[in-house]
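What follows is a set of notes on a single structure, which appears directly below.
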Amino acid sequence: MPLPIRRRDSSPLKAIGGPGQSSTPTETQIVDLERRRDVLKARVAELQWDLGGLVYEMAIRDRIRVEVLVKRAAALQDADSELNEIERILRLEHTAEAGACASCGAPHSTGASFCWQCGQPILQQVTSDSIF
C-alpha cells in the first residue's frame, strides 16, 4: 500500500495507487506532484541554510543546544524524505515500463507509439469490420 505524502501543514496528499484509484497517476496528479516537488526543494534548501546558520551562531557563542538542533534536523529530515518520495514517484512515472512490443518483446514506456528496437507500432490498428 502506498504511503501518503504529507504536506507542510501535515494534511496527507492523495496517495497514488491506493484503494479505489488507478495505479498510474493522472496528468493533474503529476502536475500537482511536480509543483509540490518544487516547493519542497526550496523548503529543504531553506531548512539546510537555517540549520547551518543556527549551528554557526551557537558555536560562536559557545552555547550548543542539542535539543534545538535535533528538532530543526528532524524538520529537515521530514521535508527531505517527502521530497525523495515525490521524486521517486515522478521518476517511476517518467521512466516506467508500460509493456512489451508484440513483435520483438522489447520493453516500451507509457508514451511510446513505436518500438525503439524494431520500429513496429506499439498499438495495432483494428479494422472496422472486426468491431461489433
Among residues of the range 31-67, those that are under 25 Å from Asn84 (Cα atoms), over 25 Å from the mean Cα position of the chain (by Cα) and either of a type in the set (Ser, Thr, Tyr) or surrounded by fewer than 13 Cβ atoms within 10 Å (Cβ to Cβ) (or both), counted
2
Starting from the range 77-89, keep only residues that are within 11 Å of Leu33 (Cα to Cα) and touching a residue at least 24 places away in the same chain (Cβ under 8 Å), then list their pairs with residues that are among the hydroxyl-bearing types (Ser, Thr, Tyr) and surrounded by 16 or more Cβ atoms within 10 Å (Cβ to Cβ) whose Cβ atoms are within a distance under 7 Å, requiring at least 6 positions of separation or different chains.
none
If Phe114 satisfies all but one of (1) surrounded by 12 or more Cβ atoms within 10 Å (Cβ to Cβ); (2) modelled with pLDDT of 85 or more, what's the number of the condition it fails?
(2)
Which one of these does Arg72 not meet: (1) surrounded by 14 or more Cβ atoms within 10 Å (Cβ to Cβ); (2) at pLDDT below 95?
(2)
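The values are calculated or read from the model by the stated rules, or taken from the named source; none is laboratory data. No experiment lies behind these values; they were computed from the predicted model shown. Using ideal geometry, Cβ is built from the backbone for each residue, glycine included, and neighbour counts are taken over all protein chains shown.
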